[in-house]
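Encoded as structure tokens, the structure appears first; notes follow it.
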Amino acid sequence: MKYKLIVGTTLIPFIALAVVTLLYIFLPIPENLLIFIKGSTPSNVSLLTSVFGIFYAIGLIIWGILSDKIGKDFTLAIGLLLLALITFIIPLISGYYLLLLARSIQGFCAASFPPVALSWISVNLADATKSKAISIISCAFLLATTIGQWFGSIMIVDSLHKSMWFLGIIYALGAVCFYFNSSKSNRKKPTPQKTTITSIFSKLPNILFNKKLFPIYCCSLFVLLSFVSLYSILHHSSLIIYVPTLRNISIIAILFSLTAGYIFKLIKPLYVLFMALCLMSISLLIHCFYINDQLNFVSFLFIIHFIFIFGLAYAIPSMITCITIESEAESRGIAISLYTCVLFIGASVGAFLPTIFETNTLILLVTLFLFICALQLMLNKRNYH
């Protein structure tokens, strides 16, 4: 149990940070990629983030189902090994379209970790430490939104070698750890699963459109979408000089997600989610005034950005908790995997939207949708526990 506690509260969050970093690693350095990726242009380089996110979202469902068939540890080992291989190969690719394909494969392989790691924690840790581990891993996923950008900005200058090979080594070591743990687990208790993959897929529409879960899924679509869209816009605005400071502020704000478990004892997760979405929508709208140079009081920008990330830090664990409470016990794993899938579809779309919409229009639309998501939670609150 001591070994499992270390894995659940230290190893898994660390690898989670390294895995989810891949989604955000190209956001701050599109100009750098144009230098050494043949065939890339200012209009198509954002697709390297979007295709990763789309295949990541698809993989979340498939890997989650597969783990029920072959075991959590073995799935984590296989997934991390495949992720390490494709991550080692990516720096050797110089053509844009081949890199686009490789990023798709990388996104699919990366999806093997988050849902299965959460399931591993729920199966292997005692109730007393389970909530603590989930808070830590949720914080790691959130920290990746900022640390991933920081890592990309310092490690990717004229090639992808340093960044990808560094991460690839982490994935390979993680694969080894979970493979040996898988061997021990299989000797102790083989657990054949009789549920078919087809039967699990057939449940997805009912779970998605469940009257209690669908409003939460709508919220999850726009939470990371708003974050990724904002940072994509910031990197192409006059505020780019403040982005490093904004990232540091984000890290501090994200750490508040570790207190979510204590907040939920005082306030229902649904109400916490409502307040978080309201904070995000209001603060996102104020960012628009700074991007248009209508406001220039920098200290207030830092405060507003802190509020935006603070809302994000509570929105993510609130949605996980709401889905855990409102979903049926036998379909809870699928419900959480589906939530994670929708969340990262939003993130991948958020990277591409700034190339389609004018900045003001995009921010106003996302602000509106965040507010509508918050409002519909309150209109449907009688459906929730």
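The values are calculated or read from the model by the stated rules, or taken from the named source; none is laboratory data. If you're wondering where the values come from, they're calculated on a predicted model, not measured in any experiment. Because the Cβ atoms are built from the backbone with ideal geometry, glycine has one as well, and the counts that use them run over all protein chains shown. Quick note on the areas: whole protein, heavy atoms, side chains included, nothing else; ligands and nucleic acids left out. Shrake-Rupley method; radii C 1.70, N 1.55, O 1.52, S 1.80 Å.
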- Roughly how many percent of the accessible protein surface of the chain is carbon and sulfur, given a 1.4 Å probe and a whole-percent answer? 72 percent
- Message: Just to check I understand the Karplus step: with θ = phi - 60° and J = 6.51 cos²θ - 1.76 cosθ + 1.60, what whole-Hz values come out for the stretch 255-269, glycine and proline as x?
- Response: 4, 5, 4, 5, 8, 4, x, 6, 5, 5, 6, 9, 10, 4, x
- For the stretch 46-163, averaging the sequence separation of alpha carbon pairs under 8 Å that lie six or more residues apart and dividing by its residue count, the contact order in percent is 34 percent
- Per the stretch 216-278, sqrt(5λ) over the Cα gyration tensor eigenvalues, sorted largest first, in Å, gives 27, 16, 7
- Query: Computed FRET efficiency, Cβ-Cβ of Ser202 and Arg382, R0 30 Å: what is it to the nearest 0.05?
  - Reply: 0.55
- Hey, what's the chain come to in accessible area per residue, 1.4 Å probe, Å²? 43 Å²
- Given 142-150, 129-137, 89-97, 224-232, the highest-first ranking by average Cβ count within 10 Å works out to 224-232, 142-150, 129-137, 89-97
- Note on the structure: Between the modelled labels at Ile251 and Lys162 (7 Å from Cα along Cα→Cβ) the distance in nm is 1.7 nm
- R0 = 30 Å: FRET efficiency of Leu101 with Ile6, Cβ-based, nearest 0.05? 0.20
- Message: On a 19 Å Cα-Cα criterion, which of the cross-link pairs Lys130/Lys203; Lys72/Lys130; Lys72/Lys212; Lys4/Lys132; Lys203/Lys381; Lys268/Lys381 come out too long?
- Response: Lys130/Lys203; Lys72/Lys212; Lys203/Lys381
- Item | Relative contact order computed over the chain (Cα-Cα under 8 Å; 6+ residues apart), in percent | 26 percent
- Take the alpha-carbon centre of the stretch 14-72, take the same for the stretch 321-385, and report the distance between them in whole Å. 20 Å
- Considering only protein heavy atoms, with the full assembly of protein chains and a 1.4 angstrom probe, order Trp165, Trp120 by accessible area, largest first. Trp165, Trp120
- Message: Which order do you get for Met155, Met164 if you rank them by accessible area with a 1.4 Å probe, largest at the top?
- Response: Met155, Met164
- Express in Å², to the nearest 10, the accessible area of Thr259 obtained by rolling a 1.4 Å probe over the protein heavy atoms while all chains stay in place. 50 Å²
